[in-house]
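Student: The following block contains the structure, expressed as structure tokens.
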Amino acid sequence: MKYTLTDRLMWHFMQGTCFGALREECPQWDFHLLRKEAKKRFREIVTATPSIGSYRENSLKKNLIGGMVWIAIYETANERYGTQMSLPLYEKMCRASISMPLMLKMTRAAKPFTRKFQESKMKQSERENRIDSPYNWQAHYKQGKADEEFTLYYTRCGLCKLACDRGHLDILPAMCKTDYILFEAMGAVLHRDKTLAAGDNCCYYYITKPGSEAERRWQDEHPEGTFTSK
């Protein structure tokens, strides 16, 4: 990929909350040096990765670039301090950057329980699926009752490929969990019992409107609750 202005902006907006979360747990770290080295590594990861199209061509590019920010910080911290960043701390860092006000404000603008939104997403995924790259996603939408539910599943995930190539499958589930935060911000509930990160054949999402008949039906059929570990 080319290292673009938008990539630099992604780094700029995410790194502050990432390092803020780490500083709370590890105040002894030299964050000036860590930030400088992690930014350099982030750029190296971006330029070493095959293109999946521009941000305009592929809505999921921001997911891949965001994962690169997290992984660059993770790798740099481990090399600098000779210790593995714990999974809970890595997850805290990921959650912090996904939960920043700007990110949630953009997410809340979505209106997922409308026919227009769902049809638009179906057409968008069909276009994006044609981008030939192992780092691209393969997304499939299935409409249900538009004002209550829809189903989405991925048979390929760019973040899964990135984590696998860099030897970080152990931290991949922490990145996957941030999906719950985003769907909640959209005013939706994510139910997921399969992920590629867990070795399943797909990432399976069933999304319902809170308080809807679809939500109550799912709860009746799954008394054990939502599989938030996947």
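Student: Mean residue ellipticity at 222 nm from the helices of the chain, using -39,500 (n - 2.57) per DSSP H segment of n ≥ 4 over the full residue count, to the nearest 500 deg cm²/dmol?
Tutor: Counting only the DSSP helices, I get -17000 deg cm²/dmol.
Student: Go from 0 up to the bin containing the longest alpha carbon distance in the chain, width 10 Å each, and give me the % of pairs per bin.
Tutor: Pairs per bin, as whole percents: 7, 31, 37, 19, 6, 0.
Student: While we're on this one: Put a dot 7 Å past each Cα toward the Cβ at Trp218 and Lys111; how far apart are the dots in nm?
Tutor: Using points 7 Å along Cα→Cβ, the separation is 2.1 nm.
Student: I've got another one for you. Quick one: if the Förster radius is 22 Å, what FRET efficiency do Asn78 and Ala48 give, using the C-beta to C-beta distance and rounding to 0.05?
Tutor: About 0.75, to the nearest 0.05.
Student: Also: In the Gaussian network model of the chain, springs joining C-alpha atoms below 10 Å, which of Ala72, Ala197, Ala214 carries the largest mean-square fluctuation?
Tutor: Between Ala72, Ala197, Ala214, it is Ala214 that shows the largest mean-square fluctuation.
Student: Further question: Mind telling me which of Leu60, Leu172, Leu102 comes out most flexible in a GNM of the chain, alpha-carbon contacts under 10 Å?
Tutor: Leu102
Student: Oh, and also: Mean projection of the alpha-carbon convex hull of region 113-230 over all orientations, in nm²?
Tutor: 7.4 nm²
Student: Any idea how far apart Arg130 and Asp170 come out in nm if each label point goes 7 Å out from Cα toward Cβ?
Tutor: My value for the distance between the label points is 4.2 nm.
Student: Compute the distance in nm between two label points, each set 7 Å from the Cα along the Cα-to-Cβ direction, one at Cys26 and one at Thr151.
Tutor: With each label placed 7 Å out from Cα toward Cβ, I get 4.2 nm.
Student: Taking springs between alpha-carbon atoms closer than 10 angstrom, which of Thr76, Thr178, Thr49 fluctuates most in the Gaussian network model of the chain?
Tutor: With Cα springs under 10 Å in the chain, the top fluctuation among Thr76, Thr178, Thr49 is at Thr49.
Student: Using a probe of 1.4 angstrom, how much of the accessible area of the chain is carbon and sulfur, in percent?
Tutor: 52 percent
Student: For the chain, what is the accessible area per residue in Å², given a 1.4 Å probe and the full set of protein chains?
Tutor: Value returned for the chain: 51 Å² of accessible area per residue.
Student: Grab the Cα-Cα distance for Gln143 and Lys62, subtract it from 0.36 nm times how many residues apart they are, and report the gain in nm with one decimal.
Tutor: Contour length minus the Cα-Cα distance gives 26.7 nm.
Student: Shifting gears a bit: Can you give me the Cα centroid spacing of region 70-113 and region 178-230 in angstrom?
Tutor: 21 Å
Student: Another question, then. No other cysteine beta carbon under 4.7 Å away is the test; run it over the chain and list who passes.
Tutor: Cys18, Cys26, Cys94, Cys164, Cys176, Cys202, Cys203
The values are calculated or read from the model by the stated rules, or taken from the named source; none is laboratory data. Quick caveat: nothing in here was measured; it's all calculated off a predicted structure. With ideal geometry, Cβ positions are generated from the backbone for all residues, glycine too; neighbour counts draw on all protein chains shown. Accessible surface is based on the protein model in full, side chains and every heavy atom, while ligands, DNA and RNA are left aside. Shrake-Rupley method; radii C 1.70, N 1.55, O 1.52, S 1.80 Å.
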